[in-house]
Amino acid sequence: MSSQIDYTSPGTQFAFDVNSNPIFKKDANNYINLLSVNQLNTLRNLSLLDIFLSKGNVIEPHYHQNASELVYCISGAAEISLLNPFTKQYLRYHVTPGQVVNLPQGWWHYEIATQDHTHLLAIFDANVPDVIYGSDLLRLTPANVFAYTYCLDAEALKTTLEPIKNTVVLGPPSNCSYNPVQGQSAANPSANQGFVAQQAVQPNQAVQPQKYGSHHHRAPQF
């Protein structure tokens, strides 16, 4: 089988300590380590994230535009949620050690720990996983574009989004003023009815979408 890797090269790498490559650290209990082809040059179509979370901490909503992701629970427990773009339903899975959730390429998803000392392994079918985070979409898209598109109060929306100064990655931010566990689905894992009892989450209790033209749009102020 042909290969672009020269396995006889003195620079060929076969081992790496993933602990030595943190890509994001919120605190001592919440951080992510990365292994990609940039750390181990013999990898082909494979990379991984080693994820450590305490209860109530969440890997913010995001998607990977170049890779599918398989999330394996090593310890603790987590809720993994994904938006099925074909059915327009949010699916939630509560995973414990030994269980996995598959996230197809480009699907919007997030992971939230429901126990302390949660350890997840995310495996990708790409040498380096690309990612687009929800916080970047919210902070970099002009607020008036969102306001005009969805007929929202522009000033209220700008005030709401103003605290998002940087990419969040692991939320809630350390300076968040409310208890990140209370009121979150992570505080009530039983609502998921166990592993692979998938639940379609209908936002706003399945409110029927309004037809185009039912809103009174204002002219955009770009």
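The values are calculated or read from the model by the stated rules, or taken from the named source; none is laboratory data. Not measured: the values here are computed from a predicted model. Note that we place each Cβ from the backbone using ideal geometry, even for glycine, and neighbour counts take in every protein chain shown. All accessible areas refer to the heavy atoms of the entire protein, side chains included, with ligands and DNA or RNA removed. Shrake-Rupley method; radii C 1.70, N 1.55, O 1.52, S 1.80 Å.
Some points to look at:
- The set of residues in the stretch 64-80 being buried (at least 20 other Cβ atoms within 10 Å of the Cβ) and touching a residue at least 40 places away in the same chain (Cβ under 8 Å) consists of 64, 67, 69, 71, 73, 76, 77, 78, 79.
- Reported count of residues in the stretch 23-42, each being open to solvent by 30 Å² or more (accessible area, probe 1.4 Å), part of a strand (DSSP E or B), over 27 Å from residue 9 (Cβ atoms) and of a type in the set (A, V, I, L, M), is 0.
- Exactly one residue out of 147, 156 is out of contact with any His (no Cβ under 8 Å at 6 or more places or on another chain), open to solvent by less than 30 Å² (accessible area, probe 1.4 Å) and either within 30 Å of residue 44 (Cβ to Cβ) or at pLDDT 95 or above (or both), and it is 147.
- Conditions (1) open to solvent by less than 50 Å² (accessible area, probe 1.4 Å); (2) part of a loop (DSSP other than H, G, I, E, B): number failed by residue 87: (1)
- Meets criteria (in contact (Cβ under 8 Å) with a residue 60 or more places away in the chain and either more than 17 Å from the chain's Cα centre (by Cα) or at positive phi (or both)) for residue 149: no
- Between 97, 61, the distinction of being touching a His at 6+ places or on another chain (Cβ under 9 Å), open to solvent by 30 Å² or more (accessible area, probe 1.4 Å) and part of a loop (DSSP other than H, G, I, E, B) belongs to 97 only.
- Whenever a residue of the stretch 33-60 is over 17 Å from residue 129 (Cβ atoms) and without any contact (Cβ under 8 Å) to a residue 40 or more places away in the chain, its partners that are open to solvent by 20 Å² or more (accessible area, probe 1.4 Å) and assigned to a loop (DSSP other than H, G, I, E, B), lying with C-beta atoms within less than 9 angstrom and at least six residues away or across chains, give the pairs 42/5; 42/7; 42/12; 42/13; 42/14.
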